[in-house]
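**Q** My structure is below; once you've seen it, I'll send some questions.
Nothing in this text is a laboratory measurement; each read-out follows from the coordinates by a stated rule. As the structure is a computational prediction, the values presented were derived from the model and not from experiment. Cβ: placed from backbone, ideal geometry, glycine included. Neighbour counts: every protein chain shown.
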Amino acid sequence: MRIKWWHIALFIALLLVLLTPLASAFPDGLEKVAEGAGFADKAQASSFTVIPDYSLPGVQNETAATILSGVIGTLLLFGIGFGLAWMLRKRKNEA
């Protein structure tokens with residue numbers, strides 16, 4: 001099997017997911033600006049969430065839940081992107 005660019009990209013994405021528990025607990029730049037400008041309290045919750053707050057039902061360990069939800073999200077988005085690319089490429093080859 002020949003290694004393609006997307007194999008490396010998927011590997012790097014999954015490796016980064018494993019490092020997420022090491023990320024800073026401090027707010028990111030957007031949250032910091034919103035707090036500084038005084039409109040952070042006006043934020044509204046999303047109407048649709050797949051994995052809210054990176055928690056999975058039944059997983060008691062917060063670190064494991066964060067990693068698992070990251071892996072699930074990464075694979076889900078990769079699958080959607082790969083599927084769309086495959087469909088568009090197939091359609092282009094047929095034309």
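**Q** Can you give the extra length, in nm with one decimal, that the chain gains between L75 and T20 once fully stretched, where that is 0.36 nm per residue apart less the Cα-Cα distance?
**A** In short, 18.3 nm is gained.
**Q** Turning to a different aspect of this structure: Are there DSSP H segments in the chain that both extend 27 Å or more along their axis (alpha-carbon positions) and score a mean Kyte-Doolittle hydropathy of at least -0.5? List them, or say none.
**A** Answer set is 62-94.
**Q** Would you calculate the separation in nanometres between label points at V50 and L10, each defined as 7 Å from the Cα along the Cα-to-beta-carbon direction?
**A** Going from the V50 label point to the L10 one covers 1.5 nm.
**Q** When the chain is treated as a GNM, springs tying every alpha-carbon pair under 10 Å, which of A85, A25, A37 comes out with the largest mean-square fluctuation?
**A** A37
**Q** I need the peptides 42-51, 3-12, 65-74 ranked by packing, meaning the mean over residues of other C-beta atoms within 10 angstrom, with the highest value on top.
**A** Descending mean neighbour count gives 65-74, 3-12, 42-51.
**Q** At a 10 Å Cβ-Cβ cut-off, how would you order F26, F78, fewest neighbours first?
**A** Final ranking by Cβ density, sparse to dense: F26, F78.
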